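Okay, structure first, notes after.
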Amino acid sequence: MFIETETTPNPSSLKFLPGQTVMPSGTREFASPEAAEASPLAQAIFDTGEVVNVFFGWDFVTVTAAPGTQWSALKPQVVSILLDHFVSEAPLFAGGSADGISVPAEDAEMAVEDKEEDAETIAAIHELLETRVRPAVAGDGGDIAYRGFSEGVVYLTLQGACAGCPSSTATLKHGIESLLKHYVPEVVEVRAA
């Protein structure tokens, strides 16, 4: 087995590609060692002591290093942990199943309550997020979560490598906001939630 790595726009994060499915559906982010207790793999990566975030995507694992950590020392440790995990076919989550464990919008805390009269606009926003935005941010080792729509403002949360990326504000304001405003005239602004 070979674990491929890719850089992300966030210099603190690396994307690891094991060449097989990591999460059969959804995504999962671990922002602390305590949260990582749900996954032996995430916990092992946090146990290096030099990691502040682990993110599971469909076919990748994104790891964010703590400030001051050098990837030259951490990368071989993470690759070794990933190799051990995938070669042994160990379960990704304690209990052996990832069923129902994801970070879709419906499980996330909403920034604002959606209104029934905005249902058509919200459906268009979701369609664009799924078909255009999510694949792009997944390519950079992250994900995006919808957090609500109110009075022309779309609330979103960037996850994984995208969450702490220096260009995350530009991604939201110039990339995603421009796309949504172009295709959904009711959108006037995108804000981080």
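Looking at (1) farther than 26 Å from VAL22 by Cα; (2) under 16 Å from the mean Cα position of the chain (by Cα); (3) surrounded by fewer than 16 Cβ atoms within 10 Å (Cβ to Cβ); (4) not basic (Lys, Arg), which is the only condition ALA193 fails?
Status for ALA193: all satisfied but (3).
Looking only at the range 84-114, count how many residues are open to solvent by 30 Å² or more (accessible area, probe 1.4 Å), closer than 30 Å to TYR155 by Cα and at pLDDT 80 or above.
So the count comes out to 4.
Please report, ordered by residue number, the strands (runs of 3 or more DSSP E) entirely within the range 23-65 with at least 2 residues that are of a type outside the set (A, V, I, L, M, F, W, C).
Details: elements: 28-30, 51-56, 61-65.
Result: 28-30, 61-65.
Given the conditions (1) touching a residue at least 40 places away in the same chain (Cβ under 8 Å); (2) within 20 Å of TRP58 (Cβ to Cβ), which single one is not true for PRO166?
(2)
Would a scan of the range 22-40 turn up a residue that is hydroxyl-bearing (Ser, Thr, Tyr), open to solvent by less than 60 Å² (accessible area, probe 1.4 Å) and in contact with a Ser or Thr (Cβ under 9 Å, 6 or more places away or on another chain)?
yes
Scan the range 1-21 for residues that are open to solvent by less than 40 Å² (accessible area, probe 1.4 Å), assigned to a loop (DSSP other than H, G, I, E, B) and more than 14 Å from GLY160 (Cα to Cα) and jot them down.
Result: ILE3, PRO18.
Just the residues that are of a type outside the set (A, V, I, L, M, F, W, C), open to solvent by less than 50 Å² (accessible area, probe 1.4 Å) and modelled with pLDDT of 90 or more, please, taken from the range 143-188.
TYR146, ARG147, GLY148, SER150, GLY152, TYR155, GLU177 - these are the residues of the range 143-188 that are of a type outside the set (A, V, I, L, M, F, W, C), open to solvent by less than 50 Å² (accessible area, probe 1.4 Å) and modelled with pLDDT of 90 or more.
Any chance you could count how many residues in the range 116-133 are open to solvent by less than 60 Å² (accessible area, probe 1.4 Å), in contact with a strand residue (DSSP E or B) (Cβ under 7 Å, 6 or more places away or on another chain) and not β-branched (Val, Ile, Thr)?
The total comes to 2.
Residue check: is ILE45 among the β-branched types (Val, Ile, Thr), surrounded by fewer than 22 Cβ atoms within 10 Å (Cβ to Cβ) and within 15 Å of LEU83 (Cα to Cα)?
Working: among the β-branched types (Val, Ile, Thr): yes; surrounded by fewer than 22 Cβ atoms within 10 Å (Cβ to Cβ): no; within 15 Å of LEU83 (Cα to Cα): yes.
Judged against the criteria, ILE45 is not a match.
The values are calculated or read from the model by the stated rules, or taken from the named source; none is laboratory data. Quick caveat, the model's predicted, so the values are computed rather than measured. Quick reminder, even Gly has a Cβ in these numbers, built from the backbone with ideal geometry, and neighbours come from all protein chains shown. Note: accessible area is taken over every heavy atom of the protein model, side chains too, but ligands, DNA and RNA are not part of it. Shrake-Rupley method; radii C 1.70, N 1.55, O 1.52, S 1.80 Å.
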